[in-house]
């Protein structure tokens with residue numbers, strides 16, 4: 001089928017038009033209005049404050065709920081690599097800019113785009129379009145990618161041959177089975193709408209782009225002529241400049257058109273969701289009606305001054321900010337509160353996902369669980385690769401700040417403590433192409449009243465994830481793949497990720513309420529795998545040499561092994577043999593993953609790099625053999641001073657092998673950099 005894409009960004013959301021057309025090309029029936037709601041773009045503005053073009057600052061955060069659109073319509077999403085990660089610095093000579101863009105930003109993507117299109121995928125992109133043909137910031141569909149680096153696409157001007165300077169953002173979409181029914185989608189949309197308005201939580205957390213009430217603050221400041229740093233007012237010193245008046249109107253158009261669509265949707269959803277939710281949804285719709293009423297005069301000139309009349313008069317602009325924009329901010333906040341009440345009234349007592357698979361057997365519980373939820377969501381994720389990218393394959397974590405029992409450090413808890421996990425999650429988000437949010441409990445609130453903390457902080461997140469068809473990870477002392485929640489005193493249920501047979505159980509020991517969550521919050525720009533390999537190896541070396549600062553005094557390399565040996569030589573406080581057994585088990589599990597990870601990596605690199613990687617892998621196998629040969633029985637570690645000393649000496653031998661492996665990895669990283 002031929003691409004048919006046209007529209008006006010002043011009256012329609014370019015992202016929603018593009019995705020609706022991409023869905024049609026994939027054989028999925030939908031329309032602009034449906035995508036507009038699922039994207040949550042209708043519910044609140046987004047603005048990029050540092051964007052100098054005030055025509056375009058409203059269009060750069062529109063894709064944040066693409067995962068929700070895909071889950072409801074039945075699509076998989078694969079983000080294209082970002083060439084900024086591997087491109088050389090821009091040339092100083094402007095005449096060389098085009099060839100630099102071709103070599104670094106377009107040609108590398110040509111085979112990726114072609115392969116995606118050959119597989120039946122539709123590739124969408126937010127420009128950048130050649131400004132001679134179309135506004136650079138619009139969304140569109142890639143139609144061709146040529147050997148010479150020419151990339152063409154369709155956007156809102158109706159043409160299908162618009163040149164793309166480089167892909168600012170790109171996604172390959174394919175058809176799949178929908179993951180959400182209408183009710184689940186309604187609940188997910190409402191939760192995302194609340195999050196978008198408040199602009200505090202992923203995927204709408206403040207960054208280069210701000211959302212909802214935070215975007216309103218920026219808009220209000222701009223209208224007052226007081227936007228900082230040193231940004232010109234709307235009229236740029238010329239009160240009669242029609243372009244600047246258009247900028248103001250375009251900024252308002254997203255909120256004006258969106259509020260109309262949001263009000264309509266909320267009244268439709270009120271007929272589908274439980275009776276108890278209806279008054280809250282109607283109230284939210286009324287707030288959006290009020291937003292339309294507030295903006296109507298400025299947008300149309302009916303009943304008050306239009307933007308054409310007020311832009312350029314700073315006092316009128318300040319009045320508009322005070323009498324229109326500030327009340328709109330309040331209406332958005334009130335709409336979010338009403339939708340939150342509707343969510344509370346709509347949620348069934350029990351939410352459950354019954355088809356989440358078991359794990360792959362013995363391993364690190366977090367990485368194994370992460371593999372489960374990523375693969376369930378359609379993102380291929382290999383356990384050993386996750387272990388390597390997380391850095392967990394290369395650590396032995398130890399701390400002298402953990403709990404002591406009868407004066408002895410609980411060595412067995414060391415590998416189970418979740419403190420070291422989040423230190424490289426942002427990197428892993430980019431290696432797998434999915435944002436991974438690690439959410440900690442507010443410690444004082446949790447310890448004061450864990451149940452209240454759960455209901456206030458974690459329950460909305462858990463219910464939003466399960467309602468959207470996404471399992472999550474929770475830690476209440478141990479990591480669990482959470483697949484269900486209800487109103488029981490132990491509200492979460494799930495399964496251990498380190499078994500091959502799924503057995504769903506409630507989280508009730510050592511705590512009924514988790515103090516850590518990990519969720520998937522949408523697509524992330526993927527790293528080139530070879531580039532990621534080098535970054536992962538550099539990180540592994542730093543961990544092996546204790547160069548990465550960890551929370552709560554945790555050590556990860558040579559110092560950790562020294563602390564382990566030191567505890568064994570504390571003959572007065574002997575602890576329990578099973579503690580050392582658990583520490584050994586997790587060291588072995590970690591190094592098995594390191595071995596597999598490095599051997600797979602070696603296949604991707606030239607011989608001079610591969611030799612170093614394989615040498616390190618061989619050393620990690622020696623580590624496993626050395627530590628497995630130790631006697632960790634009660635007789636050896638509790639009853640025998642000589643047995644404790646023997647294990648301490650084996651640990652010191654392990655540390656020597658680990659240091660050699662780190663040297664090999666450093667050489668591999670240097671060889672990668674020299675390529």
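The values are calculated or read from the model by the stated rules, or taken from the named source; none is laboratory data. Bear in mind that the values here come from a model prediction, so they are computed numbers and not experimental data. Positions of Cβ are generated from backbone atoms using ideal geometry, with glycine treated the same way; all protein chains shown enter the neighbour counts.
Checking the stretch 223-230 against the condition returns no match, with no residue being modelled with pLDDT of 90 or more, surrounded by 16 or more Cβ atoms within 10 Å (Cβ to Cβ), under 26 Å from residue 333 (Cα atoms) and touching a strand residue (DSSP E or B) at 6+ places or on another chain (Cβ under 8 Å).
Give the residue, chosen from 48, 24, 78, that is free of Cβ contacts under 8 Å to residues at least 24 places away in the same chain and surrounded by fewer than 23 Cβ atoms within 10 Å (Cβ to Cβ).
Working: 48 fails: free of Cβ contacts under 8 Å to residues at least 24 places away in the same chain; 78 fails: free of Cβ contacts under 8 Å to residues at least 24 places away in the same chain.
Of the residues listed, the single one that is free of Cβ contacts under 8 Å to residues at least 24 places away in the same chain and surrounded by fewer than 23 Cβ atoms within 10 Å (Cβ to Cβ) is 24.
Regarding residue 573, is this residue part of a loop (DSSP other than H, G, I, E, B), surrounded by fewer than 21 Cβ atoms within 10 Å (Cβ to Cβ) and out of contact with any helix residue (DSSP H, G or I) (no Cβ under 6 Å at 6 or more places or on another chain)? So residue 573 fits the description; yes. Scanning for something farther than 30 Å from residue 467 by Cβ, out of contact with any strand residue (DSSP E or B) (no Cβ under 6 Å at 6 or more places or on another chain), in a loop (DSSP other than H, G, I, E, B) and not assigned by TED's automatic domain parsing to the domain that holds residue 264, does the stretch 11-24 turn up at least one residue? Taking every residue of the stretch 11-24 in turn, at least one turns out to be farther than 30 Å from residue 467 by Cβ, out of contact with any strand residue (DSSP E or B) (no Cβ under 6 Å at 6 or more places or on another chain), in a loop (DSSP other than H, G, I, E, B) and not assigned by TED's automatic domain parsing to the domain that holds residue 264.
Counting only helices (runs of 4 or more DSSP H) wholly contained in the stretch 286-393, the ones carrying 3 or more residues that are surrounded by fewer than 22 Cβ atoms within 10 Å (Cβ to Cβ), out of contact with any strand residue (DSSP E or B) (no Cβ under 6 Å at 6 or more places or on another chain) and modelled with pLDDT under 95 occupy 314-320, 326-346. Would you say residue 397 is in contact with a strand residue (DSSP E or B) (Cβ under 8 Å, 6 or more places away or on another chain) and assigned by TED's automatic domain parsing to the domain that holds residue 574? Answer is yes for this residue. The residues in the stretch 402-415 that are surrounded by fewer than 19 Cβ atoms within 10 Å (Cβ to Cβ) and out of contact with any strand residue (DSSP E or B) (no Cβ under 9 Å at 6 or more places or on another chain) can be counted, and the count is 6.
Within the span defined as the stretch 446-464, every residue fails to be without any contact (Cβ under 8 Å) to a residue 60 or more places away in the chain, within 22 Å of residue 380 (Cα to Cα) and touching a strand residue (DSSP E or B) at 6+ places or on another chain (Cβ under 8 Å).
With respect to the conditions (1) over 22 Å from residue 525 (Cα atoms); (2) surrounded by fewer than 24 Cβ atoms within 10 Å (Cβ to Cβ); (3) not assigned by TED's automatic domain parsing to the domain that holds residue 139, residue 60 lacks only one, and its number is (1).
Taking the residues in the stretch 165-177 that are modelled with pLDDT of 95 or more and crowded, with 19+ Cβ neighbours inside 10 Å as candidates, determine which candidate is nearest to residue 72 (Cα to Cα). The extreme case among them is 173. Within the stretch 583-600, restricting attention to residues that are more than 16 Å from residue 626 (Cα to Cα) and surrounded by fewer than 19 Cβ atoms within 10 Å (Cβ to Cβ), the residue that is farthest from the chain's Cα centre (by Cα) is 599. The strands (runs of 3 or more DSSP E) found wholly in the stretch 459-506 and carrying at least 2 residues that are in contact with a helix residue (DSSP H, G or I) (Cβ under 8 Å, 6 or more places away or on another chain) and closer than 24 Å to residue 340 by Cα occupy 472-475, 479-485. Only one entry of 657, 647, 563 meets the criterion of being in contact with a strand residue (DSSP E or B) (Cβ under 6 Å, 6 or more places away or on another chain), assigned to a helix (DSSP H, G or I) and more than 25 Å from residue 382 (Cβ to Cβ), and that entry is 563.
Here is a yes/no grid of residues against (1) buried (at least 19 other Cβ atoms within 10 Å of the Cβ); (2) modelled with pLDDT under 95; (3) under 27 Å from residue 601 (Cβ atoms); (4) more than 20 Å from the chain's Cα centre (by Cα):
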| residue | (1), (2), (3), (4) |
| --- | --- |
| 493 | yes, no, no, yes |
| 505 | no, yes, no, yes |
| 508 | no, yes, no, yes |
| 520 | yes, no, yes, no |
| 523 | yes, yes, yes, no |
| 538 | no, no, yes, yes |
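Exactly one residue out of 456, 452 is more than 24 Å from residue 537 (Cα to Cα), in a helix (DSSP H, G or I) and either at pLDDT 90 or above or more than 26 Å from the chain's Cα centre (by Cα) (or both): that is 452. Could you check the stretch 178-207 and list, in sequence order, the residues that are under 12 Å from residue 72 (Cβ atoms), over 15 Å from the mean Cα position of the chain (by Cα) and either in contact (Cβ under 8 Å) with a residue 24 or more places away in the chain or buried (at least 17 other Cβ atoms within 10 Å of the Cβ) (or both)? Matches in the stretch 178-207: 178, 179, 180, 182, 183, 184, 185, 186, 187, 188, 189. The sole residue among 612, 604 that is in a helix (DSSP H, G or I) and modelled with pLDDT of 95 or more is 612.
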